[in-house]
Amino acid sequence: MMTRIHMQDQITNRIEELMRDSQRQHWDGIFQNAATIMIVAVFLLLGLSW
């Protein structure tokens, strides 16, 4: 049977993991938005020069 301290350590580690994932997802969202805007801009420029 797990000790109480071990279970608390597991919970703490899981919370830290979730916080790191949250920060990474934030940056992933920013990069995804930037890439989308650049793709739209390229297609608009190509369409205007056609």
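The values are calculated or read from the model by the stated rules, or taken from the named source; none is laboratory data. Remember, it's a predicted structure, so these values are computed and weren't measured experimentally. We work out accessible area using only protein heavy atoms, side chains counted, and drop any ligands, DNA or RNA first. Shrake-Rupley method; radii C 1.70, N 1.55, O 1.52, S 1.80 Å.
See the values below:
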{"item": "Estimated vicinal HN-Hα couplings, Hz - region 30-40 in sequence order (Karplus 6.51, -1.76, 1.60; Gly, Pro = x)", "result": "5, 5, 5, 5, 5, 5, 4, 5, 5, 5, 4"}
{"item": "Carbon + sulfur, % of accessible area of the chain - ligands and nucleic acids excluded, 1.4 Å", "result": "67"}
{"item": "Under Karplus coefficients 6.51, -1.76 and 1.60, residue-wise ³J(HN,Hα) of region 22-27 in Hz, glycine/proline x", "result": "4, 5, 5, 5, 4, 5"}
{"item": "Residue-averaged [θ]222 nm for the chain, counting only DSSP H segments that reach four residues, each worth -39500 (n - 2.57)", "result": "-34500 deg cm²/dmol"}
